[in-house]
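What follows is a structure written as structure tokens; I'll ask about it next.
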Amino acid sequence: MAYSEKVIDHYENPRNVGSMDKNDPQVATGMVGAPACGDVMKLQLKITDEGIIEDAKFKTYGCGSAIASSSLVTEWVKGKSIEEAAEIKNTDISEELALPPVKIHCSILAEDAIKAAIEDYQAKQDTQKG
Amino acid sequence: MNYYELFGLEPNFNVDEKQLSDVFQRLQKSMHPDRFAHASSQEQLLAVQKSSMINDAYQTLKTPLKRAQYMLELRGVDMPDEQSTVKDTMFLMRQMELRELLDDVKHAANPDDALFAASQELDSEYQSLFSELQVQLAQQNDDANMAASEHLRKLKFYQKLQIELDRIEDQLFEL
């Protein structure tokens, strides 16, 4: 199966690989995994008090499409508000990367990672408020 | 007729591998094309179909995780889609660590030892999940079935890690 040029570009030059301190109150962490392929994805967002995502990092163990999907997502969410980021759909990702049908689940994983990170952020906000 | 019935086995998760393989040989022999050389083309076709079902049944019953999946299907458990996401953070954190451990094996000063240690670690975690799965499947109630289905999803990650470890071993020793 041939990867699209965009997938290869993200795979060979992944953007924003890395980790942030998950205990930092401004950092939200989303962890998701896909049993079908064993892929594991960690997406971290640094969110300002105004609810703007100022930085994003990812670490993904998986195939090229999973890495490309998470890399693309970190580029997309930067500068967005949480609400805007929550609107990113897996179809946006799979279209941008021209993923074949068997790799759609990689884009679903990336969408779910954003959602999981936002949930983590909201849970953190709630505990801070007490 | 389900696979257990086809093999004349009680629908239990634990199966006797020897018995399974004996029944398989016997069933395959009974459907062998030579036995149908003079049969009508319809009978020949049926024998081929039956033979293929026997093969599928054997592969399913022989492989523990496939067997677990099949049992849950037989019990009508509503299992999450293969592609649906696992969100158990603790579990996934551990998966990340294990992936990192496998990465380290590649660069270890003594890859032999590192490989062995990693393999032991994967094995022991797999076995503990697997033993829990056996207990859950034996209980045969809704809660246990749901728990089993969740365990099965987790075990698939370990299966994947094992494949990854085998690949690293091949690379290291260029087998």
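If you go through region A:1-59, how many residues are in contact (Cβ under 8 Å) with a residue 40 or more places away in the chain and more than 25 Å from residue A:101 (Cα to Cα)?
Residues that pass the stated criteria total 12.
Out of the helices (runs of 4 or more DSSP H) lying entirely within region A:1-116, which hold 1 or more residues that are hydrophobic (A, V, I, L, M, F, W, C), modelled with pLDDT of 95 or more and out of contact with any Gly (no Cβ under 9 Å at 6 or more places or on another chain)?
A:64-77, A:82-86, A:90-97
Could I ask something else about it? Of B:66, B:50, B:18, B:62, which residue is surrounded by fewer than 12 Cβ atoms within 10 Å (Cβ to Cβ) and of a type in the set (Lys, Arg)?
Testing whether each residue is surrounded by fewer than 12 Cβ atoms within 10 Å (Cβ to Cβ) and of a type in the set (Lys, Arg) leaves just B:18.
Given the criteria in contact with a helix residue (DSSP H, G or I) (Cβ under 9 Å, 6 or more places away or on another chain), away from every other protein chain (no Cβ under 14 Å) and surrounded by fewer than 22 Cβ atoms within 10 Å (Cβ to Cβ), does residue A:79 qualify?
Answer is no for this residue.
Here's something else I'd like to know. Can you name every residue in region B:60-77 that is within 17 Å of the chain's Cα centre (by Cα) and either more than 14 Å from every other protein chain (Cβ to nearest Cβ) or without any contact (Cβ under 8 Å) to a residue 60 or more places away in the chain (or both)?
B:60, B:61, B:62, B:63, B:64, B:66, B:67, B:70, B:71, B:73, B:74
In region B:25-59, what count of residues is obtained for those that are under 26 Å from residue B:131 (Cα atoms) and in contact (Cβ under 8 Å) with a residue 12 or more places away in the chain?
3
Please count how many residues of region A:30-57 are within 14 Å of chain B (Cβ to nearest Cβ) and either touching a Phe, Trp or Tyr at 6+ places or on another chain (Cβ under 8 Å) or within 23 Å of residue B:158 (Cβ to Cβ) (or both).
So the count comes out to 15.
Which residues, counting only those in region A:21-55, are in contact with a His (Cβ under 7 Å, 6 or more places away or on another chain) and crowded, with 24+ Cβ neighbours inside 10 Å?
Hit for region A:21-55 is A:34, nothing else.
Here is a list: B:127, B:139, B:171, B:162. Which entry is away from chain A (no Cβ under 14 Å), in contact (Cβ under 8 Å) with a residue 24 or more places away in the chain, surrounded by fewer than 17 Cβ atoms within 10 Å (Cβ to Cβ) and farther than 29 Å from residue A:119 by Cα?
Only one candidate passes the filter, namely B:171.
Out of B:137, B:129, report the one residue that is in a helix (DSSP H, G or I), more than 15 Å from residue B:95 (Cα to Cα) and either under 15 Å from the mean Cα position of the chain (by Cα) or modelled with pLDDT of 95 or more (or both).
So the residue among B:137, B:129 that is in a helix (DSSP H, G or I), more than 15 Å from residue B:95 (Cα to Cα) and either under 15 Å from the mean Cα position of the chain (by Cα) or modelled with pLDDT of 95 or more (or both) is B:137.
Okay, moving on. Considering region A:58-76 alone, what residues qualify as being among the charged types (D, E, K, R) and within 14 Å of another protein chain (Cβ to nearest Cβ)?
Of everything in region A:58-76, just one residue is among the charged types (D, E, K, R) and within 14 Å of another protein chain (Cβ to nearest Cβ), namely A:59.
State all residues of region B:142-159 that are under 16 Å from residue B:78 (Cβ atoms), of a type in the set (A, V, I, L, M, F, W, C) and within 13 Å of chain A (Cβ to nearest Cβ); if no residue qualifies, say none.
Correct list: B:152 only.
Sticking with this one: Can you name the residue in region A:101-130 that is away from every other protein chain (no Cβ under 14 Å) and not acidic (Asp, Glu) and, of all such residues, is farthest from the chain's Cα centre (by Cα)?
Among those residues, the one meeting the criterion is A:130.
For residue B:80, are the conditions met, namely being out of contact with any Pro (no Cβ under 9 Å at 6 or more places or on another chain), in contact (Cβ under 8 Å) with a residue 12 or more places away in the chain and under 27 Å from residue B:149 (Cβ atoms)?
no
Residue B:132: of a type in the set (Asp, Glu), surrounded by 12 or more Cβ atoms within 10 Å (Cβ to Cβ) and closer than 19 Å to residue B:88 by Cβ, yes or no?
yes
Ok, one more. Within the set of pairs 6+ apart or on separate chains, which have a first residue in region A:62-77 that is in contact (Cβ under 8 Å) with a residue 40 or more places away in the chain, a second that is assigned to a helix (DSSP H, G or I) and among the polar types (S, T, N, Q), and C-beta atoms under 6 Å apart?
A:69/A:107
The values are calculated or read from the model by the stated rules, or taken from the named source; none is laboratory data. Note that the structure is a prediction, hence the values are computed from the model and not measured. Cβ coordinates were reconstructed from backbone atoms using ideal geometry, including for glycine residues, and neighbour counts include every protein chain displayed.
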